[in-house]
1. Looking at (1) under 28 Å from residue 291 (Cβ atoms); (2) at pLDDT 80 or above; (3) not β-branched (Val, Ile, Thr), which is the one condition that is false for residue 663?
2. Six or more apart or on different chains, Cβ atoms under 6 Å: show the pairs whose first residue is in segment 145-156 and free of Cβ contacts under 8 Å to residues at least 60 places away in the same chain and whose second is in a helix (DSSP H, G or I).
3. Pick from 610, 638: which is small (Gly, Ala, Ser), buried (at least 21 other Cβ atoms within 10 Å of the Cβ), modelled with pLDDT of 85 or more and touching a Ser or Thr at 6+ places or on another chain (Cβ under 7 Å)?
4. When segment 39-64 is examined, which residues are found to be more than 30 Å from residue 126 (Cβ to Cβ), touching a strand residue (DSSP E or B) at 6+ places or on another chain (Cβ under 7 Å) and open to solvent by 30 Å² or more (accessible area, probe 1.4 Å)?
5. Identify the residue in segment 1-14 that is open to solvent by 40 Å² or more (accessible area, probe 1.4 Å) and in contact with a Gly (Cβ under 9 Å, 6 or more places away or on another chain) and, among all such residues, is nearest to residue 90 (Cα to Cα).
6. Before we move on, is residue 823 outside any helix (DSSP H, G or I) and at pLDDT 90 or above?
7. Filter segment 529-547 down to the residues that are part of a helix (DSSP H, G or I) and either charged (D, E, K, R) or surrounded by fewer than 22 Cβ atoms within 10 Å (Cβ to Cβ) (or both) and list them by number.
8. When residue 480 is evaluated against the numbered criteria (1) surrounded by fewer than 24 Cβ atoms within 10 Å (Cβ to Cβ); (2) assigned to a helix (DSSP H, G or I), which criterion, by number, is the only one it fails?
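The values are calculated or read from the model by the stated rules, or taken from the named source; none is laboratory data. Since the model is a prediction, treat every value here as computed from it, not as a measurement. Here the Cβ positions follow ideal geometry from the backbone for every residue, glycine too, while neighbour counts run over all protein chains shown. We work out accessible area using only protein heavy atoms, side chains counted, and drop any ligands, DNA or RNA first. Shrake-Rupley method; radii C 1.70, N 1.55, O 1.52, S 1.80 Å.
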Amino acid sequence: MHLHYLHPQHLEELVKSSGINLHIAKLNFMSLQGINAYEYLLISELLPRTNTGMVKNGWLQRYAHITEGGWWCSGLDPLNNWQTMEWGCFKPTQPRINQNGKSIKYEHPPSTPTRVFCLRVPPQVWQQVAQRYNLSMPNDISIGANGEAKGFWQWVMEQNIPLIVCEGAKKAATLLTQGYAAIAIPGITSGYRVVKDDFGKVTRRQLIPDLGIFTLKKRTFYICFDFETKPKTIAAVNNAISQLGFLFQEKNCPVKVIELPGLEKGVDEFIVAKGATSFDKVYRQSVDLEVYLAQTKPHTELTIPAALTVNCPYLGEIPFPTSGLVGVKSAKGTGKTTGLKAVVNQAKSRNQAVLLITHRIQLGRFLCEKIGINWGIGNGERRESVNQSFGLCVDSIWKLNPEDWQGAIVILDEVEQSLWHLLNSNTCKQKRVKILKIFQQLIATVLRTGGLIIAQDADLSDVSLEYLQGLAASKLTPWIVLNQWQPQRGWDVTFYDSPNPTPLIHQLELDLIAGRKCYVTTDSRTGRYSCETIERYLKERLEKLRRQFPKTLVVSSQTTNTPGHAAVDFVAEINQKIPEYDTVFVTPSIGTGISIDVQHFDRVYGIFQGVIPDSEARQALARVRDDVPRVVWCAKRGIGLIGSGSTNYRLLSYWYQENQKDNLALLSPLHKIDVDLPLVYDPIHLRTWAKLSARVNASIRLYRQSLQEGLIADGHQIWTRSNAVHNNIIRDLRLAFLATDPQDLANRRRLILEIVKVQKDWSEKRQKAKEIKRKIKEIKQQNQLVSASAIGNARDIDYVEYEQLLAKHSLTEDERNATQKYILRQRYGIEVTPMLKLQDDKGYYGQLLTHYYLTHESEYFHIRDRQEWNQQLYWGDGQVFLPDLKTYTLKVEAMRALGMVDFLEVAREFTENDPDLILLKNLAAQNSKHIKRVLGINLGSETENISAIKIISRLLSLLGLKLKRVNEAYQIDPETLNDDRQKIFAVWHQRDELMLTHLRNMGSEMVDNPSKSIPIQLCQSLN
């Protein structure tokens, strides 16, 4: 093959404008003119042809524009021993125009599957690539007559070199020029293909074979797509990166994303404009796919076009359509709920039923009072009066008869959080499938019969609206109201960028001493920095200073449900009762949608440990509508990642499906559970759950950053207070000192005194923070001990009384302690002590159960998992919702396969050179992906660099055990091993033996199912 001819204009475009090495350009690109362009583009055997084999005239006419000339590019074929690839792309000089009036910039062979561009390279480029990755070139490289260094891509594959995947051949050529191993796909979605069922629904996606061949080894992929500015295009690019990245991750390949800073669109333009060094910096700053998805705030956008766009501080009456699906997106405090009054009044005049659904009881009561309908469904399981309007909690949806709501109005206030509660809350677990079925029927019935669904939220997104559209099972376009109003200046927010909230608590103490009225919102009732702990600390602190502690109220799920407590009726009359208190501490139980409209507080404090998503934290800060300063601290990273912790919703759903597939495969030889996993006929519930879970995980991973960015996006002013501020002040003072004239003694002395003063002030603040942290920890431990002692000393109740107490709307302190003691006694089977309660709070039960099943009869946990499946099937009338399943078989069998049973010998010593530990380390390196999926332990991509001691320590922690150093070796800490777990195991063993005996006596049919084997339908899987 000789070097291709390139027209000077094409040569300038490639070499000068795109920065491509001249030899790479001539090896891979050629100029075409006239009818010979047909020979390269119209190659498919599927194109209609004449008897002579010529492509029919209609196709020649369609592509007549290519005869005006252009350039062609094709590379080497990874599926045909790296021979010349017939497929490629053509850039016509005169592009054709598509149906939308846009020119088609690049043409690819029609009726031909998408391929990749693996371009030819000259020896000097191969040398650059080898130097970049610190590798040696082969000694026997063959150079073709055209100057191509043959065997380059085989070497890339053998050496497992990281690959950059970009969009378009020119960009790959530019990256190769700079010494990066880069391949190109023709479009952002061209790296994978979809597989559809007979109904046209997408069932799965798979990498194109050209990319699949590069995943045979565990290779790192870098995805580098264009910089975009349009919201829809950005969303499309993020989705494509998510799809492609997930498929690489499925093959156990790490994925990173290169983010071009702009304004240059493509990587070739960026390198030409900013230089190779600038791109190298961007390349080194590439982020892990999970972090990238977290930063892009997955599934938070609203891209559906608005039917009505306004810009007003208060919505007022909205000219809603009389039927269909309506979405209202408007900032907090802009009267979304108040605007519904007119809708409800009109419905009453027409005798049209109105149903309000929300996720919190206190919130629901508050909203119903505002819009003028009743709250609650009553004690009956079905509503009797068809035309009655009322509100209810998501948990009670199962009591509805969807047919009763034909032509009704359904209001979903705070819809994002309500749907999250619907799909994820523990309180819905027992009736989840039934609730989902009734909800789906309700939405479909209302929309089918000319009713109206109103979904509103300050953070309304495509996810919620697409879910409701999907439930309707009909094609409908949502009618969107978008209020673009934001406060001109917003709140003044002092944001403490510190490891813990002690500086903020000190500021709160000073405000209370000064007599300021403060509203304090937290995301936890218990824990170190909970409302109860902070309130008690401040009370003790002010008493010590002989200051009067202000009149205070703590509003939490416990206080609002304790008969006689002042918080019980607080939310219902919040604006009337607020002035009675100088300081109010609240938890998330006060809920979104609550509006404190009276001007009473001087400050709003927010302390967020990461228990709730950042969107809910911002909602909590907005409960007080008055424009008073906000003082905020939040953790850098949140708590409680969901599932695998992924920010990729496909990976989350895949995680649950694969785990249950493997779990059932291990169960199937013993138990006849009829299951077809996954069913993909109707994937909407699991898909929406996965998207919302990915959103939560993204918030948790970058919690502080997400909250700050969210507050700024809401139009508020952030003033950061951190260690860096003091360090910068001291630095500036020192620089000023060095800049002064040595003879200017007065100024130098003043600057030295200022430096000493700032250092002393900072030292005192750090000491104060340490003191607060120590005291807070002490109070937390005291509170936990008091609570644990109260539960340990509570009276014993039986099952009948326990059920009676569960049915009550509110419990006294004694009743609450008695129910918790009953639960612990049923769980562990031994006497409930304060210590057992404290251990249980730290996840002791799950750790103990894993240890017990690991060291006892396999039949025990097989039967337990079968019972879990059958319980879920019973609750769901033959269907299950995957995220609600809690099974152990796969986890225990995985730990057995890793040899964990042998590591539990008492007094066994562990060293890095222990043959068993070396074997464990090798197993972990070979199966790191499965260990992460099954056991939740992420050993990272470089497992071989992790010590065997660290691996065994991580595995033992799953059993609640710790290693202790003894001389030059490690042993299991006897304090963690001898903690009464053997006594509990004995009780569990006796229980399980009785169960096994009973089941054997009842016969094998009872082992399979107490009645009949119920076919499992997974509600629902993911396409």
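1. Evaluating residue 663 over (1) under 28 Å from residue 291 (Cβ atoms); (2) at pLDDT 80 or above; (3) not β-branched (Val, Ile, Thr) leaves (1) as the failure.
2. Within 6 Å, the pairs are 149/123; 149/126; 152/126.
3. 638
4. Across segment 39-64, the qualifying residues are 49, 56.
5. Of everything passing the filter in segment 1-14, 7 is nearest to residue 90 (Cα to Cα).
6. no
7. If the condition is that a residue be part of a helix (DSSP H, G or I) and either charged (D, E, K, R) or surrounded by fewer than 22 Cβ atoms within 10 Å (Cβ to Cβ) (or both), then 532, 535, 536, 537, 539, 540, 541, 542, 543, 544 are the ones that fit.
8. Condition not satisfied by residue 480: (2).
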